[in-house]
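Everything on this sheet refers to the single structure shown next.
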Amino acid sequence: MKSLKVIAHLMDYPSPEMRDVRLEMIQCLKSESVFTKPIQEKLIAFVDELCTADLLEAQEAYVATFDRGRSVSLLLFEHVHGESRDRGQAMVNLMTEYEKAGLELDARELPDYLPLFSRVFINSFR
């Protein structure tokens, strides 16, 4: 299950902290048999590439991939509600669900941000 946490971490914005845990992520992927060997090897190569690339270039690629179009947005409700008023209420409802589960979110992240949602979901299985 820790491998899924690695994937959630890899979906987040590239940071120095991500680079600091490169070896731990690789070890985690190697130690679990969640994925087939070819998928595991590709994930390890991706971790290595992402964590050793120039940080600004990695961040630029992230923004170019996820922040410039709705079709690949990491904001879940963007796909469901777009810019409608329903999106705000959906966010409030999701925050309520997080609170019911005893989870407090950092105010700087929207509750429907997929990497955050993934981390919360994965943590709920601990």
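Show log10 I(q)/I(0) for the stretch 1-68 at q = 0.15, 0.18 Å⁻¹, two decimals, from a solvent-free Debye sum over equal Cα scatterers. Debye curve over Cα of the stretch 1-68, log10 I(q)/I(0) at q = 0.15, 0.18 Å⁻¹: -0.46, -0.65. So what is the 222 nm mean residue ellipticity for the chain from helices alone, if each DSSP H run of at least 4 adds -39500 (n - 2.57) and you divide by all residues, rounding to the nearest 500 deg cm²/dmol? Helices in the chain give a 222 nm mean residue ellipticity of -19500 deg cm²/dmol. Per-residue Karplus couplings for the stretch 13-21, computed as 6.51 cos²θ - 1.76 cosθ + 1.60 with θ equal to phi - 60°, are listed in order as 4, x, 9, x, 5, 5, 5, 5, 10 Hz, Gly and Pro entered as x. Each peptide in 61-72, 86-97 receives the mean, over its residues, of other Cβ atoms within 10 Å, and ordering these scores from highest gives 86-97, 61-72. For L75, the residues whose modelled amide H falls within less than 5 Å of its own, excluding neighbours fewer than 5 places apart on the same chain, are L114. When the inverse distances between all different Cα atoms of the stretch 70-113 are averaged and flipped, the Kirkwood radius reads 11.0 angstrom.
With R₀ fixed at 30 Å, the C-beta to C-beta distance from F35 to L105 puts the FRET efficiency at about 0.55.
Which of these values of semi-axes √(5λ) of the Cα gyration tensor in Å was calculated from the structure shown: (1) 25, 18, 17; (2) 29, 17, 17; (3) 27, 19, 13? Read-out taken from this structure: (3).
For a straight C-alpha distance cut-off of 13 angstrom, the aspartates and glutamates reachable from K5 (same-chain residues fewer than eight places away being disregarded) are E24, E32. Extension gain, Y98-E17: 0.36 nm per intervening residue step, less the Cα-Cα distance, totals 26.7 nm.
Here, each number is a calculation from the coordinates, and none is a lab measurement. Fair warning: this is a prediction, and the values are worked out from it, not measured in the lab. Positions of Cβ are backbone-derived with ideal geometry, glycine not excepted, and every protein chain shown enters the neighbour counts.
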